[in-house]
Amino acid sequence: MKKPKQKVCQLLPGIIYVGHIPPRLRPKHLRNMLSVYGEIGRVFLQPEDSQVRKRKKKSGLRRCDFTEGWVEFRDKRVAKKVAASLHNTQMGTRKRQSFSSDLWCIKYLHRFQWTHLSERLAYEQTVQQQRLRTEVSQAKRETNFYLNNVERSSHMDDTKRKRRRDGQQVDEKTWDFTQRQTEDEIQMKKKKKRDVTQKHLDKARLIQQKSQSNVSLLTKIFNSNQSA
């Protein structure tokens with residue numbers, strides 16, 4: 001009699017996303033806290049930005065904290081249960097326990113694989129390297145521009161000294177700068193413009209009055225001739 005073959009249940013891994021990482025929390029702490037719910041595979045925590053670390057070093061803090069993390073469970077069913085049960089609950093079960101005042105911020109990533117995370121990290125690293133190369137090339141261009149100007153200025157000074165020594169006339173460049181008008185000057189300019197327009201209006205009014213008087217005089221003359 002042949003024994004029936006037993007079906008081997010293949011476990012599919014599941015990944016959860018941890019959106020909040022308290023200060024001083026390290027990957028080993030996160031692994032110890034979540035390993036009680038199931039077998040854990042890989043754990044990755046995203047370090048904080050380099051600019052933030054520089055500011056911390058200036059203030060005297062040398063530790064490197066993390067901003068977000070990903071945890072891989074060997075069984076995706078366990079990952080779903082952990083995400084559903086621990087979300088918005090306290091990290092520590094006792095008051096004196098570390099990180100007891102912080103809350104879990106966990107989400108199960110449906111159909112998310114660890115290769116997706118690797119691709120994302122590789123892309124971010126490539127973008128960061130490209131940004132660094134751009135900044136370095138920009139700094140080099142600015143430095144070369146400054147050095148060229150310094151060299152050109154020193155060459156012009158040497159030429160002027162030689163001409164003065166030979167008794168030749170040297171044309172000195174003068175820089176003309178126009179200062180921005182003050183508020184009083186702007187108001188005076190507007191007032192002058194209003195006065196000029198008022199004068200034009202008065203002149204036009206006088207011309208109109210004269211023309212009206214001439215018209216009335218002509219009408220009187222023509223009316224008297226017609227009556228005669």
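In table form, for the structure just shown:
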| quantity | calculated |
| --- | --- |
| Three-way shape call for the range 50-98 based on the alpha-carbon gyration tensor, with the a/c threshold at 1.5 | oblate |
| Listed residue pairs exceeding 20 Å between alpha carbons, taken from 56/107; 76/107; 28/58 | 56/107; 28/58 |
| Chymotrypsin sites (Phe, Trp or Tyr not before Pro) restricted to DSSP loop in the range 31-119 with at most 14 other C-beta within 10 Å | 37 |
| Angle between the chain longest axis and helix 50-59 axis [Cα atoms, degrees, rounded to 10] | 90 degrees |
| Accessible surface of the chain [probe 1.4 Å, protein heavy atoms]: carbon and sulfur percent | 53 percent |
| Approximate spin-label separation residue 187-residue 133, in nm, with each point projected 7 Å along Cα-to-Cβ | 5.9 nm |
| Cα long-axis angle, helix 183-227 against the chain (0 to 90 degrees, to the nearest 10) | 40 degrees |
| Potential lengthening between residue 67 and residue 26 on full extension [0.36 nm per residue; Cα-Cα distance subtracted] | 13.7 nm |
| Positive-pole candidate from 70, 114, 103, dipole of the range 8-127, charges at beta carbon | 103 |
| Label-point separation, residue 207 to residue 180 (7 Å along Cα→Cβ), nm | 4.1 nm |
| As computed over the range 134-207, the Cα convex hull volume per residue (Å³) | 226 Å³ |
| Residues in the range 102-140 that a label on residue 147 would reach, taking backbone N under 16 Å of a point 7 Å out along Cα→Cβ | 136-140 |
| Highest-fluctuation residue, 181, 212, 46 considered, GNM on the chain with Cα pairs under 10 Å | 212 |
| Electrostatic dipole magnitude of the range 103-154 [Cβ: Lys, Arg +1; Asp, Glu -1; Cα centre; debye, to 20] | 160 debye |
| For the chain, alpha-carbon Rg over 2.2 N^0.38 Å | 2.46 |
| Gyration tensor verdict on the range 50-158 (Cα atoms; rounded if a/c is under 1.5, prolate if a/b is larger than b/c, oblate otherwise) | oblate |
| Accessible area expressed per residue, the chain, with surrounding protein chains retained (probe 1.4 Å, Å²) | 87 Å² |
| Helix-only [θ]222 nm of the chain, DSSP H runs n ≥ 4, -39500 (n - 2.57) each, per residue, nearest 500 | -19500 deg cm²/dmol |
| Modelled FRET efficiency - R0 35 Å, residue 158 with residue 57, Cβ distances, 0.05 increments | 0.15 |
| Cα-centre dipole for the chain with unit charges at Cβ (Lys and Arg positive, Asp and Glu negative), debye to 20 | 1040 debye |
| Folded to 0 to 90 degrees: helix 114-165 orientation relative to the chain principal axis, Cα | 40 degrees |
| Förster radius 30 Å - calculated FRET efficiency between residue 11 and residue 94 (Cβ-Cβ, nearest 0.05) | 0.40 |
| Probe 1.4 Å - accessible area at residue 85, Å² to nearest ten | 70 Å² |
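The values are calculated or read from the model by the stated rules, or taken from the named source; none is laboratory data. No experiment lies behind these values; they were computed from the predicted model shown. Cβ sites come from the backbone with ideal geometry, for glycine too, and all protein chains shown count toward neighbours. Ligands, DNA and RNA are excluded from the accessible area calculation, which covers all protein heavy atoms including side chains. Shrake-Rupley method; radii C 1.70, N 1.55, O 1.52, S 1.80 Å.
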